[in-house]
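Report on the structure given below.
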Amino acid sequence: MKIGIVGCAGRMGQMLVREVLQTPGAHLAGGTERPGTDAVGRDIGELVGFGKLGIAVSASAAEMFQHVDAVIDFTVPPASVEHAKIAASLGKVLIIGTTGMSEAQSRQVEEQAQKARIVMAPNMSVGVTLAAALVEQVARVLDDMYDIEIVEMHHRHKVDAPSGTALGLGRAAAMGRGVSLDQVACKSRDGQTGVRPRGEIGFATLRGGDVVGDHTVIFAAEGERFEITHKASSRQIFAKGAVRAALWCKGRRHGLYSMKDVLGL
Ligand code: NAD
(Lines give C-alpha, C1' and ligand atoms only; values in the text may rest on other atoms or scores of the structure.)
Protein backbone atom coordinates (compact mmCIF):
# COMPACT_ATOMS: atom_id res chain seq x y z
CA MET A 1 0.00 0.00 0.00
CA LYS A 2 1.37 3.42 -1.04
CA ILE A 3 1.09 5.73 1.95
CA GLY A 4 1.53 9.51 2.23
CA ILE A 5 1.98 11.46 5.46
CA VAL A 6 0.50 14.97 5.75
CA GLY A 7 2.24 17.15 8.35
CA CYS A 8 5.33 14.92 8.00
CA ALA A 9 7.64 17.30 9.89
CA GLY A 10 5.46 17.30 13.02
CA ARG A 11 6.20 15.26 16.14
CA MET A 12 3.80 12.50 15.05
CA GLY A 13 4.44 13.09 11.35
CA GLN A 14 8.11 12.12 11.71
CA MET A 15 7.21 9.01 13.74
CA LEU A 16 4.72 8.03 11.05
CA VAL A 17 7.30 8.38 8.28
CA ARG A 18 9.69 6.10 10.21
CA GLU A 19 6.91 3.58 10.98
CA VAL A 20 5.80 3.35 7.32
CA LEU A 21 9.42 2.82 6.27
CA GLN A 22 9.72 -0.10 8.71
CA THR A 23 6.35 -1.81 8.11
CA PRO A 24 6.14 -4.73 5.66
CA GLY A 25 3.37 -4.11 3.12
CA ALA A 26 3.58 -0.33 3.52
CA HIS A 27 5.45 1.87 1.06
CA LEU A 28 6.22 5.54 1.73
CA ALA A 29 5.04 7.48 -1.32
CA GLY A 30 4.99 11.12 -0.19
CA GLY A 31 4.76 13.72 2.54
CA THR A 32 3.41 17.25 2.89
CA GLU A 33 3.89 20.22 5.16
CA ARG A 34 2.24 23.65 5.49
CA PRO A 35 3.22 25.91 2.57
CA GLY A 36 6.03 28.25 3.59
CA THR A 37 7.51 26.02 6.31
CA ASP A 38 11.21 25.02 6.27
CA ALA A 39 10.49 21.34 5.63
CA VAL A 40 8.90 21.95 2.21
CA GLY A 41 11.28 20.82 -0.56
CA ARG A 42 13.54 18.86 1.80
CA ASP A 43 14.13 15.13 1.34
CA ILE A 44 11.64 13.31 3.58
CA GLY A 45 14.14 10.59 4.55
CA GLU A 46 16.75 13.15 5.60
CA LEU A 47 14.05 15.05 7.53
CA VAL A 48 13.49 12.05 9.82
CA GLY A 49 17.15 10.98 10.00
CA PHE A 50 16.74 7.97 7.71
CA GLY A 51 19.05 9.08 4.89
CA LYS A 52 18.12 10.28 1.41
CA LEU A 53 14.99 8.65 -0.10
CA GLY A 54 14.56 10.86 -3.17
CA ILE A 55 11.11 12.05 -2.09
CA ALA A 56 10.72 15.80 -1.51
CA VAL A 57 8.26 17.18 1.07
CA SER A 58 5.42 18.77 -0.90
CA ALA A 59 3.24 21.76 0.01
CA SER A 60 0.27 20.36 -1.91
CA ALA A 61 -1.92 17.69 -0.31
CA ALA A 62 -4.17 17.60 -3.40
CA GLU A 63 -1.19 16.62 -5.54
CA MET A 64 0.12 14.00 -3.10
CA PHE A 65 -3.29 12.31 -2.69
CA GLN A 66 -3.30 11.60 -6.44
CA HIS A 67 -0.42 9.14 -6.31
CA VAL A 68 -0.99 7.34 -2.98
CA ASP A 69 -3.52 4.73 -1.80
CA ALA A 70 -3.75 6.06 1.75
CA VAL A 71 -2.89 9.19 3.70
CA ILE A 72 -2.19 9.44 7.43
CA ASP A 73 -3.05 12.76 9.03
CA PHE A 74 -1.96 13.94 12.49
CA THR A 75 -2.15 17.71 11.93
CA VAL A 76 -4.74 20.31 12.99
CA PRO A 77 -8.56 20.14 12.70
CA PRO A 78 -9.11 22.55 9.73
CA ALA A 79 -6.39 20.76 7.73
CA SER A 80 -7.88 17.32 8.51
CA VAL A 81 -11.31 18.48 7.29
CA GLU A 82 -9.71 19.65 4.03
CA HIS A 83 -7.86 16.35 3.68
CA ALA A 84 -11.13 14.44 4.19
CA LYS A 85 -12.66 16.42 1.30
CA ILE A 86 -9.73 15.54 -0.97
CA ALA A 87 -9.87 11.86 0.09
CA ALA A 88 -13.60 11.79 -0.78
CA SER A 89 -13.09 13.44 -4.16
CA LEU A 90 -10.55 10.73 -5.06
CA GLY A 91 -12.04 7.78 -3.11
CA LYS A 92 -8.86 7.27 -1.05
CA VAL A 93 -8.12 5.92 2.42
CA LEU A 94 -7.59 8.54 5.14
CA ILE A 95 -6.45 7.86 8.69
CA ILE A 96 -7.10 10.82 11.00
CA GLY A 97 -5.40 11.02 14.38
CA THR A 98 -5.86 14.78 14.80
CA THR A 99 -7.68 15.69 18.02
CA GLY A 100 -9.51 18.80 19.20
CA MET A 101 -12.14 18.79 16.42
CA SER A 102 -15.37 20.71 17.00
CA GLU A 103 -18.65 18.85 16.53
CA ALA A 104 -19.16 20.65 13.21
CA GLN A 105 -15.70 19.59 12.00
CA SER A 106 -16.30 15.95 13.03
CA ARG A 107 -19.63 16.04 11.15
CA GLN A 108 -17.88 17.34 8.03
CA VAL A 109 -15.42 14.43 8.18
CA GLU A 110 -18.30 11.99 8.68
CA GLU A 111 -20.05 13.35 5.55
CA GLN A 112 -16.91 12.83 3.47
CA ALA A 113 -16.76 9.18 4.61
CA GLN A 114 -19.65 8.41 2.25
CA LYS A 115 -17.09 8.56 -0.55
CA ALA A 116 -13.89 7.48 1.20
CA ARG A 117 -12.62 4.98 3.75
CA ILE A 118 -11.81 7.04 6.82
CA VAL A 119 -10.55 5.77 10.17
CA MET A 120 -10.71 8.45 12.84
CA ALA A 121 -9.60 7.86 16.43
CA PRO A 122 -8.48 10.25 19.16
CA ASN A 123 -6.02 7.55 20.21
CA MET A 124 -4.64 5.04 17.73
CA SER A 125 -2.95 2.83 20.32
CA VAL A 126 -4.09 -0.76 20.60
CA GLY A 127 -3.83 -0.58 24.42
CA VAL A 128 -6.08 2.48 24.72
CA THR A 129 -8.63 0.97 22.34
CA LEU A 130 -8.75 -2.10 24.61
CA ALA A 131 -8.96 0.12 27.72
CA ALA A 132 -11.98 1.93 26.20
CA ALA A 133 -13.70 -1.39 25.50
CA LEU A 134 -13.09 -2.44 29.14
CA VAL A 135 -14.37 0.90 30.47
CA GLU A 136 -17.59 0.49 28.51
CA GLN A 137 -18.04 -3.03 29.87
CA VAL A 138 -17.36 -2.01 33.49
CA ALA A 139 -19.67 1.02 33.23
CA ARG A 140 -22.42 -1.26 31.97
CA VAL A 141 -22.09 -3.49 35.06
CA LEU A 142 -21.58 -0.84 37.77
CA ASP A 143 -24.50 1.52 38.47
CA ASP A 144 -24.24 5.25 39.18
CA MET A 145 -23.40 4.61 42.86
CA TYR A 146 -19.92 4.37 41.31
CA ASP A 147 -18.66 7.88 40.51
CA ILE A 148 -16.68 7.98 37.27
CA GLU A 149 -13.67 10.32 37.15
CA ILE A 150 -11.12 10.46 34.34
CA VAL A 151 -7.63 11.79 35.02
CA GLU A 152 -5.18 12.49 32.22
CA MET A 153 -1.66 13.89 31.96
CA HIS A 154 0.21 15.03 28.83
CA HIS A 155 3.35 16.96 27.90
CA ARG A 156 3.46 20.75 28.18
CA HIS A 157 3.05 21.31 24.40
CA LYS A 158 -0.44 19.86 24.17
CA VAL A 159 -2.97 22.52 23.11
CA ASP A 160 -6.38 20.90 23.74
CA ALA A 161 -8.00 19.73 26.99
CA PRO A 162 -9.30 17.33 28.12
CA SER A 163 -7.37 15.12 25.73
CA GLY A 164 -9.23 13.50 22.85
CA THR A 165 -8.44 10.16 24.49
CA ALA A 166 -9.92 11.22 27.83
CA LEU A 167 -13.09 12.32 26.04
CA GLY A 168 -13.13 9.02 24.12
CA LEU A 169 -12.88 7.10 27.42
CA GLY A 170 -15.67 9.31 28.79
CA ARG A 171 -17.84 8.48 25.78
CA ALA A 172 -17.14 4.77 26.33
CA ALA A 173 -18.20 5.07 29.99
CA ALA A 174 -21.32 7.04 29.03
CA MET A 175 -22.21 4.49 26.38
CA GLY A 176 -21.87 1.69 28.96
CA ARG A 177 -24.27 3.59 31.21
CA GLY A 178 -26.66 4.36 28.39
CA VAL A 179 -26.34 8.15 28.74
CA SER A 180 -24.99 10.95 26.57
CA LEU A 181 -21.57 12.24 27.67
CA ASP A 182 -22.56 15.84 26.84
CA GLN A 183 -25.33 15.68 29.44
CA VAL A 184 -23.23 14.28 32.30
CA ALA A 185 -19.68 15.56 31.66
CA CYS A 186 -17.97 17.96 34.08
CA LYS A 187 -14.74 19.08 32.38
CA SER A 188 -13.38 21.31 35.16
CA ARG A 189 -14.14 22.30 38.77
CA ASP A 190 -13.23 25.49 40.60
CA GLY A 191 -14.47 27.22 43.78
CA GLN A 192 -17.82 26.44 45.44
CA THR A 193 -18.93 23.58 43.22
CA GLY A 194 -21.50 22.03 45.57
CA VAL A 195 -21.66 18.27 46.09
CA ARG A 196 -20.95 15.95 43.22
CA PRO A 197 -24.13 15.25 41.23
CA ARG A 198 -24.96 11.54 40.94
CA GLY A 199 -24.18 10.16 37.49
CA GLU A 200 -21.67 12.87 36.61
CA ILE A 201 -18.55 11.88 34.63
CA GLY A 202 -15.70 14.15 35.76
CA PHE A 203 -12.44 15.05 34.03
CA ALA A 204 -9.17 16.31 35.49
CA THR A 205 -6.38 17.57 33.23
CA LEU A 206 -2.67 17.67 34.11
CA ARG A 207 0.01 19.15 31.84
CA GLY A 208 3.79 19.02 32.19
CA GLY A 209 7.19 17.88 30.99
CA ASP A 210 7.40 15.25 28.29
CA VAL A 211 4.59 12.91 29.39
CA VAL A 212 3.43 11.04 26.28
CA GLY A 213 -0.05 10.27 27.63
CA ASP A 214 -1.39 8.81 30.90
CA HIS A 215 -5.09 8.08 31.37
CA THR A 216 -6.90 6.60 34.37
CA VAL A 217 -10.62 5.96 34.59
CA ILE A 218 -11.73 5.69 38.22
CA PHE A 219 -14.98 4.07 39.37
CA ALA A 220 -15.28 5.23 43.00
CA ALA A 221 -17.97 3.94 45.38
CA GLU A 222 -18.43 3.71 49.16
CA GLY A 223 -15.87 1.12 50.24
CA GLU A 224 -14.02 0.49 46.99
CA ARG A 225 -12.37 2.06 44.00
CA PHE A 226 -11.84 0.37 40.65
CA GLU A 227 -9.32 1.87 38.23
CA ILE A 228 -8.36 1.22 34.63
CA THR A 229 -5.05 2.85 33.64
CA HIS A 230 -3.11 3.14 30.41
CA LYS A 231 0.34 4.75 30.22
CA ALA A 232 2.02 5.49 26.93
CA SER A 233 5.81 5.76 27.17
CA SER A 234 6.47 6.16 23.44
CA ARG A 235 4.53 7.95 20.71
CA GLN A 236 5.48 5.09 18.40
CA ILE A 237 2.39 3.16 19.60
CA PHE A 238 0.14 5.75 17.93
CA ALA A 239 2.10 5.56 14.68
CA LYS A 240 1.99 1.74 14.77
CA GLY A 241 -1.79 1.80 15.24
CA ALA A 242 -2.26 4.34 12.44
CA VAL A 243 -0.25 2.30 9.93
CA ARG A 244 -2.13 -0.85 11.00
CA ALA A 245 -5.41 1.04 10.39
CA ALA A 246 -4.29 2.10 6.89
CA LEU A 247 -3.39 -1.49 5.92
CA TRP A 248 -6.69 -2.75 7.40
CA CYS A 249 -8.65 -0.43 5.05
CA LYS A 250 -7.51 -2.34 1.97
CA GLY A 251 -10.57 -3.78 0.26
CA ARG A 252 -13.10 -2.23 2.73
CA ARG A 253 -16.19 -0.27 1.76
CA HIS A 254 -16.46 3.50 2.08
CA GLY A 255 -17.40 4.62 5.58
CA LEU A 256 -16.19 6.05 8.85
CA TYR A 257 -14.38 3.53 11.03
CA SER A 258 -12.81 3.56 14.50
CA MET A 259 -9.87 1.67 16.00
CA LYS A 260 -12.45 -0.68 17.55
CA ASP A 261 -13.38 -1.70 14.01
CA VAL A 262 -9.72 -2.08 13.08
CA LEU A 263 -9.16 -4.44 16.04
CA GLY A 264 -12.43 -6.30 15.40
CA LEU A 265 -13.81 -5.46 18.88
P1 NAD B 1 2.83 18.92 15.80
O2 NAD B 1 2.44 20.35 15.96
O3 NAD B 1 4.20 18.49 16.18
O4 NAD B 1 2.60 18.47 14.27
C5 NAD B 1 1.55 18.91 13.45
C6 NAD B 1 2.15 19.11 12.06
O7 NAD B 1 1.09 19.36 11.14
C8 NAD B 1 3.09 20.35 12.01
O9 NAD B 1 4.33 19.96 11.45
C10 NAD B 1 2.33 21.33 11.11
O11 NAD B 1 3.18 22.16 10.35
C12 NAD B 1 1.55 20.35 10.23
N13 NAD B 1 0.42 20.96 9.54
C14 NAD B 1 -0.51 21.83 10.01
N15 NAD B 1 -1.37 22.19 9.04
C16 NAD B 1 -0.98 21.52 7.92
C17 NAD B 1 -1.45 21.47 6.59
N18 NAD B 1 -2.52 22.18 6.21
N19 NAD B 1 -0.82 20.67 5.69
C20 NAD B 1 0.26 19.94 6.07
N21 NAD B 1 0.77 19.97 7.32
C22 NAD B 1 0.16 20.73 8.23
O23 NAD B 1 1.71 18.09 16.60
P24 NAD B 1 1.73 16.56 17.04
O25 NAD B 1 2.19 16.45 18.45
O26 NAD B 1 2.41 15.74 16.00
O27 NAD B 1 0.17 16.23 17.05
C28 NAD B 1 -0.64 16.41 15.91
C29 NAD B 1 -2.07 16.01 16.23
O30 NAD B 1 -2.14 14.60 16.48
C31 NAD B 1 -2.65 16.69 17.48
O32 NAD B 1 -4.03 16.95 17.24
C33 NAD B 1 -2.49 15.62 18.55
O34 NAD B 1 -3.39 15.77 19.63
C35 NAD B 1 -2.79 14.39 17.73
N36 NAD B 1 -2.33 13.12 18.29
C37 NAD B 1 -3.16 12.06 18.13
C38 NAD B 1 -2.78 10.80 18.55
C39 NAD B 1 -3.69 9.64 18.26
O40 NAD B 1 -3.34 8.51 18.59
N41 NAD B 1 -4.83 9.85 17.63
C42 NAD B 1 -1.54 10.62 19.16
C43 NAD B 1 -0.69 11.73 19.31
C44 NAD B 1 -1.09 12.99 18.86
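Filtering the range 251-265 to residues that are in a helix (DSSP H, G or I) and open to solvent by 60 Å² or more (accessible area, probe 1.4 Å) leaves 260, 261.
Counting only residues that are small (Gly, Ala, Ser) and either out of contact with any Phe, Trp or Tyr (no Cβ under 9 Å at 6 or more places or on another chain) or more than 16 Å from the ligand (Cβ to nearest atom) (or both), the range 1-29 holds 4 of them.
Assigned by TED's automatic domain parsing to the domain that holds residue 245 and out of contact with any Leu (no Cβ under 9 Å at 6 or more places or on another chain): which single residue out of 9, 29, 70 fits that description? That would be 29, the only listed residue that is assigned by TED's automatic domain parsing to the domain that holds residue 245 and out of contact with any Leu (no Cβ under 9 Å at 6 or more places or on another chain). Residues in the range 57-76 that are aliphatic (A, V, I, L, M) and touching a strand residue (DSSP E or B) at 6+ places or on another chain (Cβ under 6 Å) were compared, and the one that is nearest to the ligand (Cβ to nearest atom) is 61.
Of the residues contained in the range 119-132, none is found to be within 10 Å of the ligand (Cβ to nearest atom), open to solvent by 20 Å² or more (accessible area, probe 1.4 Å), assigned to a helix (DSSP H, G or I) and farther than 30 Å from residue 220 by Cα.
The values are calculated or read from the model by the stated rules, or taken from the named source; none is laboratory data. Given the structure is predicted, the values throughout are model-derived calculations rather than measurements. We place every Cβ from the backbone using ideal geometry, glycine too, and count neighbours over all the protein chains shown. Only protein heavy atoms, including side chains, enter the accessible area calculation; ligands, DNA and RNA are left aside. Shrake-Rupley method; radii C 1.70, N 1.55, O 1.52, S 1.80 Å.
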